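Just so it is clear, none of the values below were taken in a lab; they were calculated from the coordinates. The structure displayed is predicted, hence computed values, not measured ones. With ideal geometry, Cβ positions are generated from the backbone for all residues, glycine too; neighbour counts draw on all protein chains shown.
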Amino acid sequence: MDTLLIDGSRPLRGAIPISGAKNASLPILMATIVAPGEHRLANVPELVDTSSMLSLLGRIGCPSLVGAQTRIDTTRVAFCEAPYDLVRKMRASVLALGPLLARCGEAHVSLPGGCAIGMRPIDQHLKALEALGCRFELEGGYVHGRVDQLRGAEFRFDVVSVTGTENVLMAAVVAEGTTVLENAAAEPEVEDLARFLNACGARIEGAGTSRIVVHGVSSLRASPTAHAILPDRIEAGTYLVAGVITRGDVRCENMRPNDVAPLLDVLRAAGARVECGPDWVSAGAEGRVNAVDVETAPHPGFPTDMQAQVMALLSFAKGTSRIKETIFENRFMHAAELLRLGAQISIEGNVATVTGQPQLSGATVMATDLRASASLVLAGLAAQGRTEVLRLYHLDRGYERLVEKLAAVGASVERGQEGRPRFAAPAVA
C-alpha cells in the first residue's frame, strides 16, 4: 500500500494550478442521467472518486470516455441499481437516487460508505424525495425507491444537507409543477450543479441561496456545449494553508477567490499574508501565525472540509486556539495523529483546544479520512525531520497530482511503499 514520505521544514514558494472541484464533479456526473444524450464535461479532476462515479455510470449502461474532456453517453439506462461494491467506496454514490427515480421511476441504491467522519444519515434525502411523491423501503442494506409521477412540492430541510439538496434538485427538475426548497444548501458546488442542469433545459432559480425554486419541465436533454466544472475551493484552501504553515508563499491559480473567503478571513486574522487577484490567491507568512478561534458552519460560513487543515496550522501558532465543529460529530480523528507529531490538542465534545508549539517533529501517522490526510501532509511539510503518512488512498480520492503539485513549489515529497525501510542504515566502517 502506498504511503507519502515528507522531509519537512522547507518553505514552499511558487504557483499551483487548481483542479476541478471533486464535490461539484460527482453530482454533475450523476445529473447526466436525467438528461439523455452525450454530455461533455471539462475540468473533471482525475481522482479515485470521479473514477468510481464513472464506473457506476458504466454499470447502469452509460459509457464514458476520459480525455481532455470527459464524455458520457446517457442515451440509454439499462439498470436502475447502484450496487454495494461501488457505493461502499464513497458516500457521494447516494446521489444516484434522485436521478434514477427521475429517469426510470425506480432506484435501488446501497446505503453509502465513504469517510468515517460521522453518521451522515440520508433521512433528509428520503424526506425531500417523499415530498415529491417517492416511496421507499429499506431492506438488506439497500434503499428501494419508486415513483409513479414526480410532483412539485414545498419542502424545508430540517438541517442543511449538501448532497440532500443536490439529490432532490436532480429529481425536481422533471417533476410536474413547482418545487420550493427551504433551508437548502448554498454551497458553490450546488450552484454549479444548477448551472449544468439549466444548460440542459431545467428551470432552477435561487441556487447558491437557502431558497431554491424549481419549475419542473417535461424532459431535459444533453447540452450541445461542454460544461466546465468550477475550481476546487478545498484544494485551493489546502495549498494556501501550505504556504502559510511552511512560512513560504504559495499562489493558487485558476480559482475563484470568493469561494475561499471564509478561509482567507481566518488566515488574515492569524496574521498571514494574503493577496488576491481576479482568478488567483496567494498566502504565506514570515514566521509563526497567531492563535485564532474557528467555528465551522454551512456555506457561507467556514467549511468543515477545511477544519482539519486549519488545525494543523494552529498547532504551530503562537497562543491557544479553539476550533468548534458544528457539522459532523466525529471529525476530530486527525487530532490523535497530530499529537504523534508533538501537537498539543485536547478535545471536549465538539470543541478542540489547540495550544500552538514552536515546532513539531516528523513521525509515522495514519490518515483516517480525506481531509484528515491533508492535515497530516500539511503538518509534515512544516515539521522537522521525516513524516510518513499511511493510508494514502484517502488523498487520492480528493487531490489530483498532489505529489507533483507540492514538489513544484519546493516540497520534498515522494510516494513510498508501506513496510519499506524508513531510515537509512548506518554506514559500515
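Before moving on, here are some points about what is shown:
- Using the Karplus relation 6.51 cos²θ - 1.76 cosθ + 1.60 with θ = phi - 60°, the per-residue 3J(HN,Hα) values for segment 359-373 come to 7, 10, 10, x, 7, 8, 10, 10, 6, 9, 7, 4, 6, 4, 4 Hz, with x marking Gly and Pro.
- Excluding the site residues themselves, the longest part of the chain lacking any GluC sites (Glu not before Pro) in a DSSP loop with at most 15 other Cβ atoms within 10 Å is 47-285.
- Relative intensity, log₁₀ I(q)/I(0), of segment 22-228 from a Debye sum that treats every alpha carbon as a point, q = 0.09 Å⁻¹: -0.28
- Look at where the Cα atoms of segment 318-393 and of segment 36-85 average out, and the two centres are 35 Å apart.
- Once backbone amide H atoms are built at 1.01 Å from N, Val174 has Val217 as its partners under 5 Å, excluding neighbours fewer than 5 places away on the same chain.
- Charge dipole of the chain (Cα centre as origin; +1 on each Lys and Arg Cβ, -1 on each Asp and Glu Cβ, all else neutral): 680 debye, rounded to the nearest 20.
- The chain: calculated mean residue ellipticity at 222 nm from DSSP helix runs of at least 4, using -39500 (n - 2.57): -8500 deg cm²/dmol
- Cβ-based charge dipole, the chain, positive-most Cα from Thr163, Ala272, Leu150: Ala272
- Which of Val266, Val310, Val87, Val213 has the fewest Cβ neighbours within 10 Å, and the rest in rising order: Val213, Val266, Val87, Val310
- Listed by chain and number, the aspartates and glutamates whose C-alpha is less than 15 Å from the C-alpha of Lys127, apart from same-chain residues fewer than 8 away, are Glu137, Glu154, Asp158, Glu166, Glu182.
- Ordering Gly349, Leu111, Gly398 by the projection of their Cα atoms onto the charge dipole of the chain, which places +1 on the Cβ of Lys and Arg and -1 on the Cβ of Asp and Glu, puts Gly398 at the extreme positive end.
- A simple rule links phi to the HN-Hα coupling: the Karplus curve 6.51 cos²θ - 1.76 cosθ + 1.60 with θ = phi - 60°, which for segment 226-243 gives 6, 9, 9, 5, 5, x, 7, 5, 6, 4, 4, x, 4, 6, 5, 5, 4, x Hz, with x for Gly and Pro.
- Taking trypsin sites (Lys or Arg not before Pro) across segment 1-98, the ones in a DSSP loop with at most 13 further Cβ atoms lying within 10 angstrom of their Cβ are Arg76.
- Diagonalising the gyration tensor over the Cα atoms of the chain and scaling each eigenvalue by 5 before taking the square root yields semi-axes of 39, 22, 20 Å, largest first.
- The mean sequence separation of alpha-carbon pairs under 8 Å and at least six residues apart, normalised by the residue count of segment 22-228, gives a relative contact order of 21 percent.
- Cα-based reach from Lys318 at 16 Å (exclusive), listing aspartates and glutamates while leaving out same-chain residues under 8 positions away: Glu286, Asp293
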